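One structure is given here, and the rest of the page talks about it.
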Amino acid sequence: AQSVAQPEDQVNVAEGNPLTVKCTYSVSGNPYLFWYVQYPNRGLQFLLKYITGDNLVKGSYGFEAEFNKSQTSFHLKKPSALVSDSALYFCAVRDRDNYGQNFVFGPGTRLSVLP
Amino acid sequence: EAQVTQNPRYLITVTGKKLTVTCSQNMNHEYMSWYRQDPGLGLRQIYYSMNVEVTDKGDVPEGYKVSRKEKRNFPLILESPSPNQTSLYFCASQHLPDDEQFFGPGTRLTVL
């Protein structure tokens with residue numbers, strides 16, 4: 001069965017500092033991996049995805065994520081946090097080798113960027 | 001504009017009164033899905049559909065029904081709602097196999 005863990009419920013970081021939001025996953029085959037962001041009272045917005053190829057993926061709003069197969073991780077990073085990055089972040093996985101599999105989302109990590 | 005629409009956006013109902021939440025996408029996506037979002041639990045998939053007339057259970061299908069008679073529509077049906085179905089519901093669609101999902105704005109459902 002597929003699963004996603006986001007070990008931190010909450011991450012606090014000062015504006016201008018680098019941020020990391022952690023994600024680890026479990027799939028039986030090879031993964032498609034995604035990060036989404038949810039602002040208050042809004043739906044989910046896509047940030048970036050890993051399908052294949054380069055392990056470092058760059059996405060929207062200056063975010064990037066690194067796929068690490070040996071550690072089964074896909075941590076989200078940004079070199080310099082903005083107050084406007086404060087939101088709820090979700091990691092998601094789908095098994096690339098099992099076409100009929102559904103998506104599984106992590107529980108979410110709330111990021112607070114302090115001015 | 002490419003989008004996923006859901007209606008209604010807010011609904012307050014009573015236990016046992018059948019309801020339908022509609023979902024429509026204008027991107028000709030094969031895949032559509034319903035999720036519920038609850039505090040501390042993230043998004044949990046209720047049902048998904050790989051194409052017209054093809055639906056399958058997600059992680060929390062009990063108490064829900066879906067249908068996919070047309071490619072663009074994927075309604076969520078609660079035949080006899082109960083208070084534990086009070087939640088925020090999202091519909092999503094995507095082009096298979098590896099595109100990102102596009103999410104609707106959400107439907108906040110309260111069952112009294």
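Bear in mind that the values in this text are calculations on the coordinates, not laboratory data. Everything quoted here is computed from the prediction, not taken from an experiment. Glycine also receives a Cβ, built like all others from the backbone with ideal geometry; neighbour counts cover every protein chain displayed.
Quick look at the values:
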item	result
Size of electric dipole in the protein assembly as shown: Cβ of Lys, Arg +1 and of Asp, Glu -1, about Cα centre, debye, nearest 20	520 debye
Rg and Dmax [Cα atoms of the stretch B:1-46; Å; Rg one decimal, Dmax integer]	13.2, 37
Spatial extent of the stretch A:66-115: Rg and Dmax, with the Cα atoms as the point set, Å	14.1, 44
Least to most buried among A:SER112, A:SER84 (fewest other Cβ within 10 Å first)	A:SER84, A:SER112
Whole-Hz ³J(HN,Hα) from phi, Karplus 6.51 cos²θ - 1.76 cosθ + 1.60, for the stretch A:83-95, glycine and proline x	4, 5, 7, 4, 4, 9, 10, 10, 9, 9, 9, 9, 6
Globularity index of the stretch B:19-68, i.e. its alpha-carbon radius of gyration over 2.2 N^0.38 Å	1.17
Above-threshold pairs, the threshold being 28 Å between Cα atoms, out of A:LYS69/B:LYS65; B:LYS18/B:LYS57; A:LYS49/B:LYS57; A:LYS77/B:LYS65; A:LYS58/B:LYS57	A:LYS69/B:LYS65; A:LYS77/B:LYS65; A:LYS58/B:LYS57
Net charge of Cβ neighbours under 10 Å - reference B:ASP98; Lys, Arg +1; Asp, Glu -1	+1
Under-5 Å amide H pairs with B:TYR47, H placed in peptide plane, nonlocal only	B:TRP34, B:GLY58
Student exercise, chain A dipole from Lys, Arg, Asp, Glu Cβ charges, in Debye to nearest 20	140 debye
Exposure proxy ranking, count of Cβ atoms within 10 Å, fewest first, for B:MET27, B:MET50, B:MET32	B:MET27, B:MET50, B:MET32
Percentage relative contact order, chain B, counting C-alpha pairs under 8 Å, at least six apart	36 percent
B:PHE102, A:PHE74 arranged by Cβ crowding within 10 Å, fewest neighbours leading	B:PHE102, A:PHE74
Peptide A:42-55 - average C-beta neighbours from other chains (10 Å radius)	3
Relative contact order computed over chain A (Cα-Cα under 8 Å; 6+ residues apart), in percent	38 percent
11 Å beta-carbon shell around B:LEU109, net charge (K/R +1, D/E -1)	+3
Where only C-alpha atoms are counted, convex hull volume of the protein assembly as shown per residue in Å³	121 Å³
For chain B: Kirkwood Rh in Å [reciprocal of mean 1/r, alpha carbons]	13.9 Å
Residue-count net charge about A:TYR36 - beta-carbon cut-off 12 Å; Lys, Arg +1, Asp, Glu -1	+1
Evaluated at q = 0.14, 0.17, 0.19 Å⁻¹: base-10 log I(q)/I(0), Debye formula over Cα of chain A	-0.53, -0.77, -0.95
